Amino acid sequence: MRLTRTSSIWTLIALAICLTSTVKGQTNSCVPPTQFKQASLLVEAAGITWKNNGSAQEWIVAWGPAGIPPDNMTLRSNTFEPHFIVPLSNAQSQTEAYVKSICGMSSSDWVGPISLSDLSSCANLPLAYSINDTICGAAKVLLEEPNHENVIWWYAGLPRAYDHSLLTDSVQSSTTYWMMATKENGNDQRIGPDYGSQQGGYVNFNNSQVITVMDTILLDSTTLISDAAVSGSIRLLNISGNIVYQERSFFLDSDGEHRIPIRFPLLPGRYRLQVLPNPGGGRLFRSSTPQHYPYVLPGLLSVDSTSIGIINRYYYAFNLSVKSLCTGQIAPAHITVGQQPYSGPDVRDSLCLRDSLFILNDLLPNLPLSSGGYWTRKGMSNPITTLDLSVFSPGDHLHLQYITQGTMHCSDTAEYNIQFYDCKIGLTENQKDA
């Protein structure tokens, strides 16, 4: 994109020209675009879009201070798509924009002006600190951002949650999730078709829209319309059809419009948004007339409606709402998975008192115990291998622990509660006395 800036003298000359809101260009068969508007607010930039009504495959966008005719604006750019991102970082006053079609050697009239606005930059983004946690064996893990700030949690290049915490799937091996420091910037921007503009009726459907994301956004909410109570779920898939993020369940307890929070974070990429109503309830709204799709929010996303099932019926989630997300520092949240061994069950046992040493391993049950175990008295750390039975009295109790070590300091402990009793005189003792 080639940008030039007018000099101050040209600015003064331009400001002296009498202006009108409709500016004439060449008169020919080149059709000017329609529905020219600002479609998205970005940080120090504005996304604009328009509809091509003719055969043009190229357009010129011009922008500058309010009141300057487009032919005098030297900030301009050619584009081959019916949308454009206008930089506003150097704007000293209200900025206006124009657009016209290019048809070979000719061009249409200018369309405009429209006034542009932007978002301020996000200052003082929260810091995302690295998290290291060790679990023993496969388990779900609750990861929490230390400052309790909302962050984007993602794994393997796909966003998983927008929250201060993340409950992971079952972790089978050492795994690294990522936290992206994030801050909402600006208000909701509604996109997609409006229920009030629809024609058609109700039908059960599997809604599917392809969302192409060019920036980091929060898919905030959507409107569902039913003719009776209905329940179902909303889910986000990647372009291959795999679920990216946990489903959001919904229950509409009456007919009418219902706003459903979604809160799906979207990193750049392509996704499918699906609405899956449960059978036996009300019917969700469908449109029998096509919208102007793909609908483009420059710098944020585009949405393609797809027709599923019955031909020439178009399926939508209505009034999708997105928020811009400023993103900052990325930090890892690493989970180390250790192997948990097996030390056997807790045991209550008894030993008779003799004037001799007892080998503790004789207490171990005939179970497939993990190797590398050791004995210790409960509350003490020194390993022991034998007991001197002569120091105990009948009725004494002894609490022992049998501990086996796995990997990453994962261990398993079996407790042995031993009660001592007086030995009865038997054959062996009589022979010794004799």
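The values are calculated or read from the model by the stated rules, or taken from the named source; none is laboratory data. These numbers come from a predicted model, not from an experiment. Using ideal geometry, Cβ is built from the backbone for each residue, glycine included, and neighbour counts are taken over all protein chains shown. Ligands, DNA and RNA are excluded from the accessible area calculation, which covers all protein heavy atoms including side chains. Shrake-Rupley method; radii C 1.70, N 1.55, O 1.52, S 1.80 Å.
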| Which pairs break 22 Å Cα to Cα here: Lys140/Lys323; Lys140/Lys378; Lys51/Lys323; Lys37/Lys100? | Lys140/Lys323; Lys140/Lys378; Lys51/Lys323
| remark: Expected vector for the range 133-146, Karplus 3J(HN,Hα) from phi with 6.51, -1.76, 1.60 and θ = phi - 60°, integer Hz, x for Gly and Pro, equals 9, 10, 10, 10, x, 5, 6, 7, 10, 9, 8, 10, 5, x
| query | How big is D for the chain, in µm² s⁻¹ as a whole number, if Stokes-Einstein is applied with the Kirkwood radius of its Cα pairs at 20 °C and 1.002 mPa s? | reply | 77 µm²/s
| remark: Taking only protein heavy atoms and a 1.4 Å probe, the highest-to-lowest accessible-area order of His409, His258 is His409, His258
| For Asn72 and Asn238, FRET efficiency with R0 = 35 Å and r from the beta-carbon atoms, rounded to 0.05? | 0.15
| Under the Karplus curve 6.51 cos²θ - 1.76 cosθ + 1.60, θ = phi - 60°, whole-Hz ³J(HN,Hα) for the range 68-83, x wherever Gly or Pro sits | 8, x, x, 5, 9, 7, 9, 8, 7, 7, 8, 9, 9, 10, x, 7
| said: Taking 0.36 nm per residue of sequence separation and subtracting the Cα-Cα distance, how much length would be gained by fully extending the chain between Glu257 and Glu415, in nm to one decimal? | reply: 50.8 nm
| query | If you plug each phi of the range 233-249 into the Karplus form 6.51 cos²θ - 1.76 cosθ + 1.60 with θ = phi - 60°, what whole-Hz ³J(HN,Hα) values come out, in order, with x for Gly and Pro? | reply | 8, 10, 9, 10, 10, 7, 5, 8, x, 8, 5, 8, 9, 3, 5, 9, 7
| For the range 26-82, what does the alpha-carbon gyration tensor say about shape, rounded, prolate or oblate, given a ≥ b ≥ c as the root eigenvalues, a/c under 1.5 as rounded, and a/b over b/c as prolate? | oblate
| the range 59-134: chymotrypsin sites (Phe, Trp or Tyr not before Pro) falling in loop per DSSP and having at most 16 other Cβ within 10 Å | Phe80, Tyr129
| For all pairs of alpha-carbon atoms in the range 198-244, what percent lies in each bin of width 10 Å, listed from the first bin to the last filled one? | 15, 48, 30, 7
| request: Return the whole-Å distance between the Cα centroid of the range 244-285 and the Cα centroid of the range 132-186. | output: 23 Å
| query | In the neighborhood of Phe392, defined by Cβ-to-Cβ distances under 12 Å, what is the net charge if each Lys or Arg adds +1 and each Asp or Glu adds -1? | reply | -3
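Counting only DSSP beta bridges with both residues in the range 319-434, what percent are antiparallel, rounded to the nearest 5?
The antiparallel fraction comes to roughly 70 percent.
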| Can you give the accessible area of Met73 in Å² (nearest 10), computed on protein heavy atoms with a 1.4 Å probe? | 10 Å²
| message | At R0 = 30 Å, how high is the FRET efficiency between Ala123 and Asp163 if r is their beta carbon distance? Nearest 0.05 is fine. | response | 0.85
| For the chain, what is the mean residue ellipticity at 222 nm derived from helices alone (per DSSP H run of n ≥ 4: -39500 (n - 2.57); sum divided by total residues; nearest 500 deg cm²/dmol)? | -1000 deg cm²/dmol
| field | Net charge, Tyr202 excluded, C-beta distance under 11 Å - Lys, Arg +1, Asp, Glu -1 | value | 0
| query | What does the charge count near Gln274 come to, summing +1 for each Lys or Arg and -1 for each Asp or Glu among other residues with Cβ under 12 Å from its Cβ? | reply | +2
| query | Around Val151, which amide H atoms from residues at least 5 apart in sequence, or from another chain, sit under 5 Å from its own amide H, with H modelled in the peptide plane? | reply | Asp163, His164
| task | Considering only DSSP beta bridges where both residues belong to the chain, give the percentage that are antiparallel (nearest 5). | result | 90 percent
| How much length is gained if the chain between Ser249 and Leu398 is pulled fully straight, taking 0.36 nm per residue apart and subtracting their Cα-Cα distance, in nm to one decimal? | 48.2 nm
